[in-house]
Amino acid sequence: MEEAYLRQFVRMTESWNDVVLGDYAWRAALPHFAQSWLRNFITATLLLLIPSTIWCFYIYHLKPHVYFPNGRMPTKRVMLKQVWVSMKALPLFTLLPAVAEYVIEKGCTKTFVRVEEVGWPMHILYTTLYLFIAEFGLYWTHRLMHDVRPLYKCFHATHHEFNKEDTISPFAGYAFDPIDGIVQAAPQALALFVVPMHFVTHELLFVCKGVLAANAHDCIHGKVWPVMGGGYHKIHHTKSRYNYGGYTILMDWLFGTLYEPEQEEEKVI
Ligand SMILES: [Zn+2]
Ligand SMILES: [Zn+2]
């Protein structure tokens, strides 16, 4: 790729850094990569804290009788522990999106700047392929983390410390070992080397995954097909061998590990 074309990626990340980090003298002293990492870290921290706090206040404080008539809700202590585990993971985990931006800016990927360069039909096709690779990769790396015992013990057990309905909360979305988080999110970044992908769409989907991760841990069955919502992911935590997917339940359906929340309800009745 030409230098002038690659410069457009750098200008975009610089403008996002301006918005999140502000215009301070100390910032100019940092290399561009460090600034981008810091912006990713702050964005992920805000994503962890703001939507989850609002959602927890709504479901646990304002509407507990609607969403948790059985009273099985996490305590503040559990939620604080999840924030603590997340805050330990995020500095290392956010190196992944920062490195992805770095390789994009260096022209090592097939990422493009404007949708018009490929047209909307191809953009939709490429985004679908990108999501398929991300989802397929996340499903199998996650499943491997469960199947290979040493991997589970060393990395994935941190996330499964919260395995009962009253120990799962939206704050658990990032409560993982950073290596575990990187391994499961890496296919989404690696897809950029294979599929031509619109840069802003890639960034938005990474942000979207952060919000969905919180949503997947609220234990509420939202019934929004095919999203991997709280009803499905709660079963992953309580039963361990089902519902490994990330954004959706499609891979679980494809590979025979889907467990519907309705099956659970029938058993209870
Ligand atoms: Zn798991
Ligand atoms: Zn989880």
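Sorting M1, M79 by the number of Cβ atoms found within 10 Å of their own Cβ, with the fewest placed first, yields M1, M79. In segment 87-227, one over the average inverse separation of all distinct C-alpha pairs is 16.3 Å, which is the Kirkwood hydrodynamic radius.
The aspartates and glutamates whose alpha-carbon is closer than 16 Å to the alpha-carbon of K106, local same-chain residues fewer than 8 away aside, are E2, E3, E14.
Coordinate range of the alpha-carbon atoms in the chain per principal axis, descending: 64, 42, 37 Å. Pairs over the 23 Å Cα-Cα cut-off, from the set K164/K223; K63/K164; K63/K209; K63/K239: K63/K209; K63/K239. Report the longest stretch of the chain that contains none of the trypsin sites (Lys or Arg not before Pro) sitting in a DSSP loop with at most 13 other Cβ atoms within 10 Å. No qualifying site falls inside 1-71, the longest such stretch.
Membrane-span-like helices of the chain, defined as complete DSSP H segments with a Cα extent of 20 Å or more along the helix axis and a mean Kyte hydropathy of at least -1.0, are identified as 3-21, 32-56, 76-93, 120-147, 199-215.
Centre-to-centre separation between the Cα atoms of segment 200-222 and those of segment 7-27: 25 Å. Here is how the number arises for the chain: DSSP H runs of 4 or more residues each give -39500 (n - 2.57), the sum is divided by the residue count, and the result at 222 nm is -20000 deg cm²/dmol. Among the chymotrypsin sites (Phe, Trp or Tyr not before Pro) in segment 19-93, those placed in a DSSP loop whose Cβ has at most 12 other Cβ atoms within 10 Å are Y24.
Only the coordinates and a few stated rules stand behind these numbers; no lab work does. Small disclaimer: the values here were computed from a predicted structure and weren't measured. Using ideal geometry, Cβ is built from the backbone for each residue, glycine included, and neighbour counts are taken over all protein chains shown.
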